[in-house]
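Novice: After the structure tokens below, expect a handful of questions from me.
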Amino acid sequence: MTHRLVVLISGAGTNLQAILDAIAAGDLPARVTLVLSNRAGAPGLARAERAGLSTAVINHRDYDGREAFDRAMIERIDAAGADTVVLAGFMRILSPLFVGHYQGRLLNIHPSLLPKYPGLDTHARALAAGDAEHGCSLHFVTDELDGGPLIARAAVPVNENDSVETLSKRVQTQEHSLYPRVLRWRAEGRLHLTDQGVELDGETLPASGLSLGTPA
């Protein structure tokens, strides 16, 4: 059976597009069964609809609390038969209920070299700190914000004349390469979260994850 992905978005859906492009190119043996957003106006929904994908909007403002919202999402995601739930710019903190329900099947990409800079404004924080390199990290999701077990990271150099916009663009290029690559490992049954940590091809990865990507 083809590996089924449900992708959660809040914005433009550029990582969603990278995933769809990889599927179309035959580089990712999976299919997206649902694109779900908490924002009706998210541009990524139009992107999904143009691709002929099923979409859903569950507005967090319509629910009394985070857990009620997450229960509504779980019902819709499970109906889509998700083998892996892909957080691709989904800007909501998830409850322990949601994270526990999808333990080992829930992935997120974050625009920093974790454990540096969890949370927001990562590019500005890297520039303010004078970092020599920045990047993105892909990890399994746990209750700790941006703190789940690392799968892989991709670094880019920080240039002397970088702005938030230029640095963000280079990091995003790495995101678009990294996410489909890691999802391929999931689709091929090679990547798992175990009690010992992240396992790829039967080997436990280092706590810092794999270093992938080409500096841009």
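The numbers here are math on the coordinates, done by the rules we state, and not lab data. Everything numeric in this text was worked out from a predicted model, so none of it was measured. For neighbour counting, all protein chains shown are included, and Cβ atoms are generated from backbone atoms with ideal geometry for every residue, glycine included.
Novice: Putting +1 on Lys and Arg Cβ atoms and -1 on Asp and Glu Cβ atoms, find which of Leu120, Leu178, Ile151 reaches farthest to the positive end of the dipole of the range 110-216.
Specialist: Leu178
Novice: Given the -39500 (n - 2.57) contribution per DSSP H run of 4+ residues, what per-residue ellipticity at 222 nm results for the chain, rounded to the nearest 500 deg cm²/dmol?
Specialist: -10000 deg cm²/dmol
Novice: Sticking with this structure for a sec: Taking the Cα-to-Cβ direction at Glu133 and at Glu67 and moving 7 Å from each Cα, how far apart do the two end points lie in nm?
Specialist: Spacing of the two 7 Å Cα→Cβ label points: 4.3 nm.
Novice: Just to be sure I understand: if I project the alpha-carbon convex hull of the range 1-102 onto a plane and average over all orientations, what area do I get in nm²?
Specialist: That works out to 6.1 nm², a quarter of the Cα hull's surface.
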